[in-house]
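Asks: Below you'll find the structure I mean.
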Amino acid sequence: IEQLVQRLIALSPTLIVMEATGKLELAVLRALCEAGLPAVAVNPRQVRDFARATGSRAKTDRIDAFAIAHFAAVLKPVVRPLTDVQTEQLQALLLRRAQLIDMLVAEKARLERAHAAARDSLNEHIKWLKQQIKLADNDIDSFLRSSPAWRQKEDLLRSVPGIGPGAAATLIAFMPQLGSLNRREIAALTGVAPFNSDSGRHIGKRRIQGGRAVVRRALYMACVPALRFNPTIR
């Protein structure tokens, strides 16, 4: 990464574009941005769709590199500021909690059809996972409370009936644009804005797509109690 940074500094690029690769790109992106280079990670699906639109269907590393460069030259993705270290830490804690919950759900499903010989092991693991989730909740709460700005945001979010501590923490960590964008922009960014599908007189079915799945999941869980207790949502 250090060699790459030095090589790119020497080239004085106007824009550096890379595909997002399941967070493997973050170390490179951070190093480039900290060196003052104009780097941005983009959705690989968008690059692939762009390549297909230009008639390119073959795929090799070299072809991909040209496709990304062509995408960058034509569409000029906006270079965005990186997430600060504190927010990254909060995101990591929340993602770990989500992983623990997924494991707990899976173990409970196995327990329902498990042989008697395996049930003790499953019950022990389920008990351990529940303890870890409690610890994760405490860590997240302590981390949020360490920041006056986050405390203020959390109090505001939790004043909405249906928004609990988990949803509030997820919105703070993964939707920092709240308050700076209008409702339509936020809905599109989250992936809950239904997109048109019309042609001539035909009016197609609206569907949501894309956006931030982790935020959408948290909002869905918040909507379940909100349907009962929040008059507007009901």
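The values are calculated or read from the model by the stated rules, or taken from the named source; none is laboratory data. These figures come from a predicted structure and were not determined experimentally. Cβ: placed from backbone, ideal geometry, glycine included. Neighbour counts: every protein chain shown.
Asks: Is it true that residue 164 is under 28 Å from residue 141 (Cα atoms), in contact (Cβ under 8 Å) with a residue 60 or more places away in the chain and more than 14 Å from the chain's Cα centre (by Cα)?
Replies: In short, yes.
Asks: Residue under question is residue 115, and the condition is that it be surrounded by 11 or more Cβ atoms within 10 Å (Cβ to Cβ) and more than 19 Å from residue 214 (Cα to Cα); does it hold?
Replies: For residue 115, the condition - surrounded by 11 or more Cβ atoms within 10 Å (Cβ to Cβ) and more than 19 Å from residue 214 (Cα to Cα) - is not met.
Asks: I would also like to ask the following. Suppose we filter 68, 9 for residues that are among the aliphatic types (A, V, I, L, M), modelled with pLDDT of 90 or more and either closer than 26 Å to residue 213 by Cα or not in a helix (DSSP H, G or I) (or both); which single one remains?
Replies: 68
Asks: Can you find, within segment 177-213, the residue that is nearest to residue 43 (Cα to Cα) among those that are surrounded by 11 or more Cβ atoms within 10 Å (Cβ to Cβ) and either touching a Cys at 6+ places or on another chain (Cβ under 9 Å) or charged (D, E, K, R) (or both)?
Replies: 212
Asks: Got a sec? Which of 137, 141 is surrounded by 15 or more Cβ atoms within 10 Å (Cβ to Cβ) and touching a Pro at 6+ places or on another chain (Cβ under 8 Å)?
Replies: Going through 137, 141 in turn, the sole match is 137.
Asks: I need the full set of residues from segment 87-115 which are among the aliphatic types (A, V, I, L, M), farther than 30 Å from residue 146 by Cβ and either outside any helix (DSSP H, G or I) or at pLDDT below 95 (or both), in order please.
Replies: Of everything in segment 87-115, just one residue is among the aliphatic types (A, V, I, L, M), farther than 30 Å from residue 146 by Cβ and either outside any helix (DSSP H, G or I) or at pLDDT below 95 (or both), namely 114.
Asks: Could you say whether any residue in segment 37-48 is out of contact with any strand residue (DSSP E or B) (no Cβ under 7 Å at 6 or more places or on another chain), modelled with pLDDT under 95 and exposed (fewer than 11 other Cβ atoms within 10 Å of the Cβ)? Explain how you work it out, then say what you get.
Replies: Of all residues in segment 37-48, those out of contact with any strand residue (DSSP E or B) (no Cβ under 7 Å at 6 or more places or on another chain) come to 43, 45-46, 48.
Of the ones still in play, those that are also modelled with pLDDT under 95 are 43, 45-46, 48.
If we keep only those that are exposed (fewer than 11 other Cβ atoms within 10 Å of the Cβ) too, we end up with none.
No, segment 37-48 contains no residue that is out of contact with any strand residue (DSSP E or B) (no Cβ under 7 Å at 6 or more places or on another chain), modelled with pLDDT under 95 and exposed (fewer than 11 other Cβ atoms within 10 Å of the Cβ).
Asks: If you don't mind, there's one more thing I want to ask. Could you check how many residues of segment 169-188 are touching a residue at least 24 places away in the same chain (Cβ under 8 Å) and either assigned to a helix (DSSP H, G or I) or touching a strand residue (DSSP E or B) at 6+ places or on another chain (Cβ under 6 Å) (or both)?
Replies: Residues in segment 169-188 being touching a residue at least 24 places away in the same chain (Cβ under 8 Å) and either assigned to a helix (DSSP H, G or I) or touching a strand residue (DSSP E or B) at 6+ places or on another chain (Cβ under 6 Å) (or both): 6 in total.
Asks: Further, regarding this structure: So in segment 49-78, with the set limited to residues that are surrounded by fewer than 15 Cβ atoms within 10 Å (Cβ to Cβ) and β-branched (Val, Ile, Thr), which one is farthest from residue 37 (Cα to Cα)?
Replies: For segment 49-78, the residue satisfying everything is 54.
Asks: Quickly run through segment 189-229 and pick out the residues that are in a loop (DSSP other than H, G, I, E, B) and within 24 Å of residue 98 (Cβ to Cβ).
Replies: Of everything in segment 189-229, those that are in a loop (DSSP other than H, G, I, E, B) and within 24 Å of residue 98 (Cβ to Cβ) turn out to be 191, 192, 193, 208, 209, 210, 211, 212.
Asks: Looking at residue 110, is it more than 13 Å from residue 94 (Cβ to Cβ), in contact (Cβ under 8 Å) with a residue 12 or more places away in the chain and basic (Lys, Arg)?
Replies: For residue 110, the condition - more than 13 Å from residue 94 (Cβ to Cβ), in contact (Cβ under 8 Å) with a residue 12 or more places away in the chain and basic (Lys, Arg) - is met.
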